[in-house]
Amino acid sequence: MNPLARHPRLALVLRVLLGAFFIYASLDKIWNPAAFAKIVYQWQVVGPVPSNLVAVTLPWVELLAGALLLAGAWKRESALVVALLLVVFLVAAGSVVARGIDVENCGCVSVTQAESASSWPPSWTKGVGWFLVSRNLVLLGVALAVAFVPPRKSPSPPASR
Amino acid sequence: MSVNWKRFILILVTGAAAGLAWNAASGRGFALGRSVLVQAGDELVEARDAKRLLDRGALFLDARPRDFWRMNRIPGALSLPEDDFDRAFASLEGPLRRANGIVVYCSGFGCDASHIVARKLRERGFIAAILNEGIPAWEDAGLPLDSVPRS
């Protein structure tokens, strides 16, 4: 394996970034669960009542897994929970893209409507499309690396005489 | 390299339990047992029942943006877009007063424009039913849309 992939600092950076991203992604959804439920429903993957359950529970799983990753506790298991979520998101997004459904705001990070006068960030970063699929594939790779690529042990300092 | 699957399950279960507890106790939660779009006072009608109302002369209102109505609509429906309600309402007040029942619809699946329009109509003294799941439910029931472009 490429020795860079097992560099301890790289492993730390990836784990902290992944954890921070999932904590950040959970906050707006936790604060606005009804708005998030509408967005889950717009994906047309599950009906209105299952959408409600997903909207209420999923952000807290994201928050907990993200916090554990950030804290460095249960690293492998929390990274695998994140990987599981990402696989579910990828399957759902693939289904939305394949059916040609137009979802303006994927609800991935923010549940507020994309109606700002500002053109930044561009709308294609908010909807369900190839950008979202690509981003989730990258995050999935990071999560699997955190779970299954153990960082190389730092060389121990020479013993003093 | 082994995975502790008990921890894995514990993260999922604890997260889900925290979410349910937050929904119940935070004051920001909502009723889980029905569509989040539905509020007290909303009257939903299924597609087949809506068709019977249409056959009896009910007035259908399209709550989508007007460009969508121009492309296609339930036969005979008039445009009352949620995003331009006040102006459109002023021009429709006559037909609304004469209507033998009112049904509002939009794009379905998370679209709440029909719910908002029905509530605004209710505030103005008109009782309007909401087509449950909107146009997709209408099409799923095998009912036709009028696709002749309108200007």
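Summary table
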item: Residue list for segment B:46-84, filter: part of a helix (DSSP H, G or I) and within 18 Å of B:Gly142 (Cβ to Cβ); result: B:Ala47, B:Arg48, B:Asp49, B:Ala50, B:Lys51, B:Arg52, B:Leu53, B:Leu54, B:Asp55
item: Residue that is nearest to the chain's Cα centre (by Cα) [pool: residues in segment B:25-40 that are among the small types (Gly, Ala, Ser) and modelled with pLDDT under 90]; result: B:Ser35
item: Test: residue in segment A:101-121 that is β-branched (Val, Ile, Thr) and without any contact (Cβ under 8 Å) to a residue 24 or more places away in the chain; result: no
item: Residue that is surrounded by the most Cβ atoms within 10 Å (Cβ to Cβ) [pool: residues in segment A:56-70 that are at the interface with another protein chain (Cβ under 8 Å from one of its Cβ atoms) and of a type in the set (A, V, I, L, M, F, W, C)]; result: A:Ala65
item: Members of segment B:61-78 that are in contact with a Cys (Cβ under 9 Å, 6 or more places away or on another chain) and under 21 Å from B:Arg97 (Cβ atoms); result: B:Asp62, B:Ala63
item: In segment B:1-24, the residues that are modelled with pLDDT of 95 or more and part of a loop (DSSP other than H, G, I, E, B); result: B:Asn4
item: Unmet criterion (only one of (1) part of a loop (DSSP other than H, G, I, E, B); (2) over 20 Å from B:Leu145 (Cα atoms); (3) among the polar types (S, T, N, Q)) for B:Ser107; result: (2)
item: Subset of segment A:75-112 [in contact with a helix residue (DSSP H, G or I) (Cβ under 6 Å, 6 or more places away or on another chain), polar (S, T, N, Q) and either in a helix (DSSP H, G or I) or on the phi > 0 side of the Ramachandran plot (or both)]; result: A:Ser78
item: Residue match in segment A:17-38 (condition: touching a residue at least 24 places away in the same chain (Cβ under 8 Å) and over 27 Å from B:Gly29 (Cα atoms)); result: yes
item: Filtered residue count, segment A:71-92, keeping only those that are farther than 22 Å from A:Ser134 by Cβ and either out of contact with any Lys or Arg (no Cβ under 8 Å at 6 or more places or on another chain) or surrounded by 21 or more Cβ atoms within 10 Å (Cβ to Cβ) (or both); result: 5
item: Any pair with Cβ under 7 angstrom, 6 or more apart, that starts in segment B:36-60 at a residue that is on the phi > 0 side of the Ramachandran plot and ends at one that is part of a helix (DSSP H, G or I) and surrounded by 13 or more Cβ atoms within 10 Å (Cβ to Cβ); result: B:Gly41/B:Arg122
item: Residues satisfying the stated conditions in segment B:128-146, i.e. more than 14 Å from chain A (Cβ to nearest Cβ) and either in a helix (DSSP H, G or I) or in contact with a strand residue (DSSP E or B) (Cβ under 7 Å, 6 or more places away or on another chain) (or both); result: B:Ala128, B:Ala129, B:Leu131, B:Trp138, B:Leu145, B:Asp146
item: Qualifying position, being small (Gly, Ala, Ser), within 15 Å of the chain's Cα centre (by Cα) and under 25 Å from A:Thr125 (Cβ atoms), among A:Ala93, A:Ala98, A:Ala34, A:Ala67; result: A:Ala93
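The values are calculated or read from the model by the stated rules, or taken from the named source; none is laboratory data. Since the structure is predicted, the reported quantities are computational estimates derived from the model, not experimental observations. A quick note on method: Cβ atoms are made from the backbone with ideal geometry, for glycine too, and the neighbour counts reach across all protein chains shown.
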